[in-house]
1. Compare the Cα positions of B:Leu17, A:Phe18, C:Ile68 along the charge dipole of the protein assembly as shown (+1 at Cβ of Lys, Arg; -1 at Cβ of Asp, Glu; about the Cα centre) and return the one farthest towards the positive end.
2. A:Asp460 versus C:Ile90, label points 7 Å from Cα toward the beta carbon: distance in nm?
3. Excluding residues fewer than 8 places away in the same chain, name every one of the aspartates and glutamates whose C-alpha is closer than 12 Å to that of A:Lys301.
4. Sort chain B into rounded, prolate or oblate with this rule: let a ≥ b ≥ c be the square roots of the eigenvalues of the Cα gyration tensor; rounded if a/c is under 1.5, and if a/c is not under 1.5, prolate when a/b is larger than b/c, oblate otherwise.
5. So what are the ³J(HN,Hα) numbers for region B:131-140, from phi and the Karplus equation (6.51, -1.76, 1.60; θ = phi - 60°), rounded to whole Hz, Gly and Pro as x?
6. What does the helix-only formula give at 222 nm for chain A: each DSSP H stretch with n ≥ 4 adding -39500 (n - 2.57), the total divided by the residues, and the result rounded to the nearest 500 deg cm²/dmol?
7. Please label the shape of region B:53-166 as rounded, prolate or oblate, based on the square roots a ≥ b ≥ c of the eigenvalues of the alpha-carbon gyration tensor (a/c under 1.5 means rounded; beyond that, a/b larger than b/c means prolate, else oblate).
8. Report, in debye and to the nearest 20, how large the dipole of chain C comes out about its Cα centre when Lys and Arg carry +1 and Asp and Glu carry -1 on their Cβ.
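FYI, it's all coordinate maths here, none of it is from the lab. None of the values given here were measured: they were computed from a predicted structure. Don't worry about glycine lacking a Cβ; one is built from the backbone with ideal geometry, like all the others, and counts go over all protein chains shown.
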Amino acid sequence: MSLNDRESWGVTNLRLAFPKKKSMLFKDLSLDYHKGEKILLLGPSGCGKSTLLQVLSGLVPDSVELPMRADRHAIPDNWGFIFQDPDTQFCMPYVDEEIAFVLENRSIPRSRMHKLIQHYLDMVNLKLENSHQLIRTLSGGMKQRLAIASVLALEPDVLFLDEPTALLDPKGTVQLWQTVRRIGNGRTLIVVEHKIDHVLDFIDRVVLFNHDGEIFADGPKETTLARYHEKLDDFGIWYPGVWNGYEEKQFQKSDGTFGELILELNHFEVLHQKCVKLSIEELMIHRGEWIAIIGENGAGKSTMIEGIMGLLHTKGKLCWAFQHPEDHVQFVFQNPEYQFVADSVEDELAFSLRIKKMNEDEITQRVDQSLERYALEEQRMQHPFQLSVGQKRRLSVASAMINHPDVLILDEPTFGQDARNTFALLDLFQQLRQEGTTIIMVTHEMEIVSRFATRTLTIDQGKLVKDTLIKSNKGARRLGYGFDEHEHVIF
Amino acid sequence: MSKGKNTNLRLNLSDILVTIVIALVFGLVFRLLGPVYDLVKPFGLHLDALLYGIWFIAAPFAALLIRKPGVAFLAETAAALAEMLFAGSGGVINLYYGLLQGAFSEAVFAAWRYKKFSLGIASLSAFAALIASIILDAGYAYLPLLAGWNLILYLVFRVIGSVLFSGLFPYALVKGLEKTGVTQSLRPVTKEDYNVLK
Amino acid sequence: MDTVLTNTSTLFFKINPSLKFILISSLFIVYLFVQNLNTMIWASLFFLILYYFVSGLSGKWSFWFVLITLIVSLFSASAMILFGKGSHIIYHQSLILITQESLARGVLLGLRTFTFSLIGMIFATTTLPVPFFYSLMQQLRVPVRYAYGCLAAFRMIPIMAEEFMHIRQAMRVRGMTRQKGVKAFCERMTRYTITMLAQSIRRAQRTAIAMEAKRFSMTEKRTYFYEIGWSRNDVYFVIILLLTVALGFVFSSYFPLTPYTNVLDQ
């Protein structure tokens, strides 16, 4: 059967721009796809893949008005769309009501709804004791599967998936792709994704975009990926074996000895609404350690570092080796936007220095240094909210580091980051650690734990259950893009 | 209404949702102000009237942000409804105040045909909401029966408060928000934006 | 007595929300025109009793709510009590002038606010958002876009509250709270608000797009997962409410506690 016999949709000569922008995001872009195809769109962040997905589904311009025009714009009759953020896809409080919302939209008679709701939940393998459960009590992975269930209620022929696992942990990611793979049978799939480990096996066509929003390659999975393999690193794609693809680092991970004691916890408890959420019998942390805090979702990892930072009520002994810990300990939140306090990147960096009443010359000097080190010079005058995901993360780390703290505590710093930015950040942390900074981070990424951490703390159900020193020393591998002549990490 | 230029001034789902959410955010932030507000009440000197203006903020803010007909009224009504559903003090009173204040606030933007969204108009809209509240208070709280000086104090405080908190403050907030870039997708797309495609 | 208590408390949950909404908000009009102090005293007492039986709040919370509301309501009438017009002077010192008339008016005002708060509380603690908005669509023909808009927005409240906590923590970590003074306070409030607004606006937009991606239509016909109808409970509710209001009026004419039958009389 030739391709031409099948139904096909897509755009021809699409032109699209964002309002108030001088240049077009897409200039005369064409993309066609056929019924039953399974396509992966790959490209650097900001190249417009997500916007294109919305154009292909007709959400642009029907729901989102953007200046656009195209010679041909064919939209499938029945489609479903899965978005990135698990928290913004639902409009009802309960699981059953959310699927019912879709059935209502389709004017399905009420008498059939209960059975259908269960049917769609079963399809995504979402096993709940009672389908009348609050959505907000579900984990991120379960929410995304619910999103799929509610989209399946549209009985779609074509499914658009816009980085559905970007905000999920590794376990949720695997489960989600298993689900997609199962339900994708017989449907057309168009996927935008940065983490492609679990996507590749069911995809048959790959489309590659460059930084200017142009398609530069489009073809069968094997040949296209083989031919442009080096581009994947360039785009920051998480592909299988990405961690192994780098040479060994020249310096040693740790020699097993650390500096002086900087933090001591004894019979330490973190409280939330008068309940003990986390307890630690005893813990000593020394200068120059890289500590990874690991554990299941909801085990109390974030609670632990928030307790150490004094953001929650605590009991027991918490003793820093510093007189004014706030000058020596810095914290980076999971969502960098929460901690931005100024209207430009420059002021954001200078903020904590100004509070300390440092003289302006010194401030300017330090800010310039940071802008250079964190590759934010061009963004100097931009508003922090306008930065890309990677830049935001870098800015939040930069503004924490500008005080030259002794301890840097981070809550999932590589979460939602592409491979390129992740490796550069890890290089940076490694460098900081060698300069004597203690790194404490919560993470789900076991690759980071095994390659970088000198010690892991395992939290389970509010208790520190395991404390392991990692003495391995094959030495950490060389990651990222290396260092420039000033020994600065290249972002 | 003729088709063409005016069609993009109709509220779409995103406008409606954003407006209601804004009202809720203010409700949440000002819930924290609630205790402060109640604390200054007892002296009879109307110090609470100074802060009273903050309750008008949702309407002018939403209008400045989304710049379409109906959002000011919708914002204030949603705020009042939320207040009622979440058992704010005063209960059902809020609903009536919200409806009338929203309508008055909206009227000011309508009078300029939704073309002007300056600081002056924002303040005027806050002032209109204030008039609405005074009309209701006159009946509800027997305003005319207060001692003259006390009544004047009340009026002066309310005017200052409303212009400050619901004219100036929302204007500054919108300016601040514009810098973050999130406002861009809320505004109607203009002809110039389409010209880029040529 | 206990059985009555549980029966009524479930009863109020089963009433048609639109009916409850309309009747309860129309009470505002009724009491707006009551100028008889005795009526207001009896009415607030009877609504307190009603509140006691039907409120969905647990005892401890309920008690504090009533107490605080009563105090705040009386405070809000303090201007009337301390500086109102009147001729029968009770206490006079410089600007403070308490007269019998203004005292009566002040108490009436305070009780009125108190009563409305109680009524509001009865409504709030026995009405769930989802059935409420479904009923608004089905009985009062509120356009679906507003009803679902409200539902989607209300769903975000817990997320917003959590976010607010995080923002506060983050600003503390950044040293925002180390600056003192009025200017710093204003800056901090503005920063909180802008960050909250920016997040919420983006979230609202995304949710709206997701809803439309699920084929939510503002105009087309739809079916409903919940059909909110009428029942015998609605009749009981109307009777209970009418009885409460009527009792207030009856008691005030048979057992007048004060001589102020019209506080507007000079």
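1. Value computed over the given set: C:Ile68.
2. 6.9 nm
3. Of all the aspartates and glutamates, those that pass the test against A:Lys301 - Cα under 12 Å, at least 8 places apart if same chain - are A:Asp411, A:Glu412, A:Asp460.
4. Numbers: a/c = 2.12, a/b = 1.97, b/c = 1.08.
Since a/c reaches 1.5 and a/b is larger than b/c, the shape of chain B is classed as prolate.
5. Values, residue by residue: 4, 4, 5, 5, 4, 5, 5, 4, x, 6 Hz.
6. On the way: 15 runs with 149 residues, N = 491.
Value at 222 nm, helices only: -9000 deg cm²/dmol.
7. Values: a/c = 2.21, a/b = 1.31, b/c = 1.69.
It comes out oblate by the Cα gyration axes.
8. On the way: 25 positive and 10 negative charges, 295 e Å.
Once rounded to the nearest 20, the dipole reads 1420 debye.
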